[in-house]
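This structure is in structure tokens; I'll ask about it shortly.
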Amino acid sequence: MSLSTETESCDLCIVGAGLAGMNALAVASEYLGRGQRVLLVDRRLRVGGMWVDTYPYVRLHQPHPWFTAGDIPWTQGHDRRHLATRSEVLDHFTHCLDVVRQRVTVDTLFGWEFDGFTESDGMATVRVSAADGRTRTITTPRLINAAGFAVTPNDPLPVQSHQVRSVSPNFCDVDEIASDGAPVWVIGGGKTGMDTAHALITADPHREVSMVAGSGTYFLSRDETFPRGRRRWWSGTPASVSGAHMLSHFDGTNEDEANRWFRDTYGVWPTQGADTYVLGIMSAAESRAIAAGLREVAMDRFTDVVDGPDGPVMTFASGQRRTVAPGSWIINCTGYVLRDAGPYQPYLSPGGSVLSIQLRSATMHLTSFMAYFMTHMLYRDRLADAPLYEMDAIDLRAKSKVILPFGILCLSQHNLSVMFERLPNAVFLRCGSNVDSWYPLTRQLRGSLTFLLRHRRDRDNARRTLDTLRERFDLRCGPLAAPHVR
Ligand SMILES: Cc1cc2nc3c(=O)[nH]c(=O)nc-3n(C[C@H](O)[C@H](O)[C@H](O)COP(=O)(O)OP(=O)(O)OC[C@H]3O[C@@H](n4cnc5c(N)ncnc54)[C@H](O)[C@@H]3O)c2cc1C
């Protein structure tokens with residue numbers, strides 16, 4: 001039986017109901033009228049993106065008010081320092097959708113896959129399909145493809161051994177692991193690895209928990225970035241300031257030296273060494289608890305567990321081997337972000353009707369900021385002629401993990417300056433994800449003044465650095481190639 005294709009139209013179609021899509025929606029709702037209709041499409045069954053099916057013990061790494069869509073405040077009544085749980089984050093996503101629905105009509109197509117679009121005469125025709133074979137086409141003057149980080153759950157790591165239990169935190173609960181006393185090996189030393197180790201160690205300080213940490217990950221110090229109480233008036237370093245310091249040490253060629261400086265000045269890390277930074281945040285107390293609780297840390301790359309004559313043996317990329325206890329848990333915490341993505345799409349389509357928020361044409365360091373600012377640019381018709389840079393962040397990560405944070409922060413610095421000259425100040429003041437507003441107004445004003453005085457000079461430096469990265473890494477990094485119309 002062939003299923004017919006339904007056709008419908010809307011004023012805006014957004015693909016992706018994660019943080020990026022919800023930021024695009026919140027911003028677009030400020031430009032659309034009550035009678036206009038937005039279609040929100042996601043293959044998942046509700047709003048929230050990766051938070052729908054990530055591991056249950058995850059916590060926000062920044063204070064919760066700064067994780068939001070547009071400038072929608074949280075309403076759950078927590079202290080501002082609270083690091084929200086997964087269910088609290090999901091409740092906030094629901095709240096954001098409710099708030100936007102008071103401004104504009106939003107219909108959802110949850111459980112639907114975006115299959116592509118064509119564009120002609122300033123209109124996009126979007127194809128979506130459901131798991132049961134139904135298809136729809138949607139015609140719209142604007143499509144925002146906000147797949148963003150497009151995080152998908154990790155499978156367990158494949159291991160040859162039959163004597164260990166290889167699991168993924170997305171599909172097992174730490175409670176299940178906590179209920180028996182077998183040793184645990186956390187594979188990966190990024191945010192997921194640290195969350196997993198911390199959850200296990202704090203639940204049972206005597207538990208044998210070890211980690212395979214690769215070359216090690218360091219985190220931005222939460223204590224330094226979000227000082228508590230009155231200390232906000234005189235101590236701590238706002239994220240924009242530490243980011244600017246980081247970039248002032250980097251010229252596109254000296255990443256090892258600049259990375260060491262940044263880590264030693266603003267970083268915390270619980271492992272012996274750490275050279276990778278993926279914009280994660282951790283407190284000194286968490287770092288100490290993890291360092292004290294880990295039985296063993298292998299600064300190496302995990303390859304397999306095989307069954308030897310004396311029991312299971314873990315093997316590493318360096319060629320090292322070590323025995324592990326039969327029954328051990330092997331938890332795949334090898335990371336989710338910037339691993340892969342769909343094919344390249346320019347951030348703005350040639351016809352000007354499709355905005356793409358994804359990592360092959362990244363315009364800022366985080367998808368929340370990208371969606372927030374780029375949607376404002378789209379609705380104010382400022383995108384087509386803005387000399388923004390786009391970058392293939394997936395390719396850069398594959399070529400150098402150490403360079404990645406420098407590259408994407410440099411991109412952000414460049415593009416923020418370009419957008420600052422094209423958007424009203426209110427857009428910047430109302431950006432709910434801007435963690436600098438943790439600080440009192442006087443310190444924020446000082447930061448704004450510094451930005452005003454420096455941003456053109458910093459933009460020129462950033463452009464030179466980005467051009468250097470393009471040449472060094474044969475990277476897509478520069479202005480849009482094709483002309484655009486609108
Ligand atoms: C373990 C982990 C912890 C993190 N913790 C934090 C944190 O504490 N704070 C923070 O700020 N950031 C954190 N991040 C980064 C985080 O990924 C972002 O903050 C944010 O939630 C990502 O939102 P997103 O919309 O870009 O991507 P996603 O959350 O991946 O959402 C994208 C959505 O698009 C949908 N989609 C994609 N392609 C299609 C398609 N073809 N058809 C239909 N639907 C599609 C997906 O189903 C998904 O729902 C964390 C990331 C990870 C992996």
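Got a sec? Which of ARG446, ARG430, ARG397 is surrounded by fewer than 18 Cβ atoms within 10 Å (Cβ to Cβ) and within 24 Å of the chain's Cα centre (by Cα)?
Within the list ARG446, ARG430, ARG397, the selection yields ARG430.
Within segment 1-9, is there a residue that is touching a Phe, Trp or Tyr at 6+ places or on another chain (Cβ under 9 Å), surrounded by fewer than 21 Cβ atoms within 10 Å (Cβ to Cβ) and either modelled with pLDDT of 95 or more or within 19 Å of VAL435 (Cα to Cα) (or both)?
Within segment 1-9, none of the residues are touching a Phe, Trp or Tyr at 6+ places or on another chain (Cβ under 9 Å), surrounded by fewer than 21 Cβ atoms within 10 Å (Cβ to Cβ) and either modelled with pLDDT of 95 or more or within 19 Å of VAL435 (Cα to Cα) (or both).
Given the criterion closer than 30 Å to THR367 by Cα and touching a Lys or Arg at 6+ places or on another chain (Cβ under 9 Å), identify the matching residue among SER129, SER168.
Step by step, each of SER129, SER168 is checked, and only SER129 is closer than 30 Å to THR367 by Cα and touching a Lys or Arg at 6+ places or on another chain (Cβ under 9 Å).
Next question, about the same structure. Would you mind finding the one in GLY111, GLY33, GLY77 that is outside the structural domain of ASN170 (by TED's automatic domain parsing), under 27 Å from ARG380 (Cβ atoms) and of a type outside the set (D, E, K, R)?
Exactly one of GLY111, GLY33, GLY77 is outside the structural domain of ASN170 (by TED's automatic domain parsing), under 27 Å from ARG380 (Cβ atoms) and of a type outside the set (D, E, K, R), namely GLY33.
Does ALA147 count as open to solvent by 20 Å² or more (accessible area, probe 1.4 Å), more than 26 Å from the chain's Cα centre (by Cα) and within 12 Å of the ligand (Cβ to nearest atom)?
no
Starting from segment 431-448, take each residue that is under 19 Å from ILE72 (Cα atoms) and assigned by TED's automatic domain parsing to the domain that holds ASP71 and list its partners that are open to solvent by 30 Å² or more (accessible area, probe 1.4 Å) and of a type in the set (D, E, K, R), counting only C-beta distances under 6 angstrom and pairs at least six apart or across chains.
Matching pairs, first to second residue: GLY432/ASP71; TYR439/ARG232.
Restricting to segment 1-37, count the residues that are of a type in the set (Val, Ile, Thr) and more than 15 Å from the ligand (Cβ to nearest atom).
2
Evaluate segment 234-249: report whether one residue or more is under 24 Å from ARG59 (Cα atoms), among the β-branched types (Val, Ile, Thr) and not assigned by TED's automatic domain parsing to the domain that holds SER400.
yes
Further, regarding this structure: Given the condition in contact with a Cys (Cβ under 7 Å, 6 or more places away or on another chain) and under 30 Å from ARG464 (Cα atoms), answer yes or no: does some residue in segment 238-248 qualify?
yes
To continue, here is another question. Take segment 403-438 and flag every residue that is of a type in the set (D, E, K, R) and either closer than 18 Å to VAL27 by Cα or in a helix (DSSP H, G or I) (or both).
Within segment 403-438, ARG422, ARG430, ASP436 meet the criteria.
Going by the structure shown, is TYR372 within 14 Å of the ligand (Cβ to nearest atom) and either in contact with a helix residue (DSSP H, G or I) (Cβ under 8 Å, 6 or more places away or on another chain) or assigned by TED's automatic domain parsing to the domain that holds LEU12 (or both)?
yes
Right, another one. What number of residues in segment 373-394 are in contact with a Gly (Cβ under 7 Å, 6 or more places away or on another chain) and either open to solvent by less than 20 Å² (accessible area, probe 1.4 Å) or of a type in the set (Lys, Arg) (or both)?
2
What number of residues within segment 113-133 satisfy the criterion of being out of contact with any Leu (no Cβ under 9 Å at 6 or more places or on another chain) and more than 22 Å from PRO350 (Cβ to Cβ)?
Counting residues in segment 113-133 that are out of contact with any Leu (no Cβ under 9 Å at 6 or more places or on another chain) and more than 22 Å from PRO350 (Cβ to Cβ) gives 3.
For segment 309-350, which positions are farther than 28 Å from PRO169 by Cβ, in contact with a strand residue (DSSP E or B) (Cβ under 8 Å, 6 or more places away or on another chain) and open to solvent by 20 Å² or more (accessible area, probe 1.4 Å)?
ASP310, GLN345, PRO346, PRO350
Do you know which residues across segment 54-63 are more than 9 Å from the ligand (Cβ to nearest atom) and either closer than 20 Å to CYS172 by Cα or free of Cβ contacts under 8 Å to residues at least 40 places away in the same chain (or both)?
PRO56, TYR57
The values are calculated or read from the model by the stated rules, or taken from the named source; none is laboratory data. What you are looking at is a predicted structure, and each value in this text was computed from that prediction instead of being measured. For neighbour counting, all protein chains shown are included, and Cβ atoms are generated from backbone atoms with ideal geometry for every residue, glycine included. Just so you know, the surface numbers come from the protein's heavy atoms only, side chains and all, with ligands and any DNA or RNA stripped out. Shrake-Rupley method; radii C 1.70, N 1.55, O 1.52, S 1.80 Å.
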